[in-house]
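Student: Here it is, the structure, as structure tokens.
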Amino acid sequence: QVQLVESGGGLVQAGGSLTLSCAASGSIPGFNAMAWHRQAPGKSREHVATVARGGYTNYADSVKGRFTISRDNAKNTVYLQMNSLKPEDTAVYYCYAVALPNHYWGQGTQVTVSS
């Protein structure tokens, strides 16, 4: 059983920064990709950023240039460095990992950006 545990969420003022972490535990396979998604109140969950095992990254247009995703394969951990935060970044952020054919979700961590 694989568990993903996020940390690092909180309340920050607009323009500020936060770093989210997601650590995997359990019978950890080699993850093909690790990612962050988010869900704002009243909205659908949306993709934020993905990092593949080889280091390829992909970002949503709304966060390009502000967020940076990275991973430590040895620690089975993925990070999301969030800079220049905006009130519209307020959401629950979820960690997501793929080890084909399985995929896993974390429980989410709240990020609130005040104006």
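Student: Kindly state, to the nearest 0.05, the FRET efficiency for residue 58 paired with residue 2, given R0 = 25 Å and r defined as their beta-carbon distance.
Tutor: Values: r = 22 Å, r/R0 = 0.89.
For residue 58 and residue 2, the calculated efficiency is 0.65.
Student: Just to make sure I understand: if all protein chains stay in place, what is the order of 44, 70 by accessible area at 1.4 Å, largest first? Don't skip to the answer; put the middle values down first.
Tutor: Details: 44 95, 70 50 Å².
Highest to lowest solvent-accessible surface, that is 44, 70.
Student: Let me ask another. GNM on the chain, C-alpha springs below 10 Å: top fluctuator among 26, 16, 55?
Tutor: With Cα springs under 10 Å in the chain, the top fluctuation among 26, 16, 55 is at 26.
Student: Using a Cα-Cα cut-off of under 29 Å, which lysines could be cross-linked to residue 86, ignoring same-chain neighbours fewer than 8 residues away?
Tutor: Cα-Cα hits under 29 Å: 43, 64.
Student: Considering only protein heavy atoms and a 1.4 Å probe, what is the carbon-and-sulfur percentage of the accessible area of the stretch 1-48? Walk me through the numbers on the way to the answer.
Tutor: Working: 1160 of 2470 Å².
Accessible surface attributable to carbon and sulfur in the stretch 1-48 totals 47 percent.
Student: If you don't mind, another one. Report the calculated FRET efficiency for residue 25 and residue 110 (r = Cβ-Cβ distance, R0 = 25 Å), to the nearest 0.05. If you can, show how the numbers build up before the last one.
Tutor: Working: r = 21 Å, r/R0 = 0.85.
Computed FRET efficiency for residue 25 and residue 110 comes out at 0.75.
Student: Just add up the charged neighbours of residue 109: K/R +1, D/E -1, any other residue whose Cβ is under 15 Å from the Cβ of residue 109. Provide the component values of the computation, followed by the final result.
Tutor: Numbers: positive: 38, 45; negative: 6, 89.
Residues near residue 109 contribute 0 overall.
Student: Can you tell me the relative contact order of the chain? Whole percent, Cα pairs under 8 Å, sequence separation 6 or more.
Tutor: 36 percent
Student: Mind listing which chymotrypsin sites (Phe, Trp or Tyr not before Pro) in the stretch 1-80 are in a DSSP loop and have 16 or fewer other Cβ atoms within 10 Å?
Tutor: 56
Student: Full-extension gain between residue 72 and residue 46, please, as 0.36 nm times their residue separation minus the C-alpha to C-alpha distance. Display every interim value, and only then the final one.
Tutor: On the way: separation 26, 0.36 × 26 = 9.36 nm, distance 2.34 nm.
Going from the current span to full extension adds 7.0 nm.
Student: May I ask you to compute the full-extension gain from residue 17 to residue 84, defined as 0.36 nm times their residue separation minus their alpha-carbon distance, rounded to one decimal in nm?
Tutor: Working: separation 67, 0.36 × 67 = 24.12 nm, distance 0.62 nm.
That pair, residue 17 and residue 84, stretches by 23.5 nm at full extension.
The values are calculated or read from the model by the stated rules, or taken from the named source; none is laboratory data. Predicted, not measured: the structure shown is a model, and the values here were computed from it. Every residue, glycine among them, receives a Cβ derived from its backbone with ideal geometry; neighbour counts consider all protein chains shown. Keep in mind that these areas ignore ligands, DNA and RNA; they rest on the heavy atoms of the full protein, side chains included. Shrake-Rupley method; radii C 1.70, N 1.55, O 1.52, S 1.80 Å.
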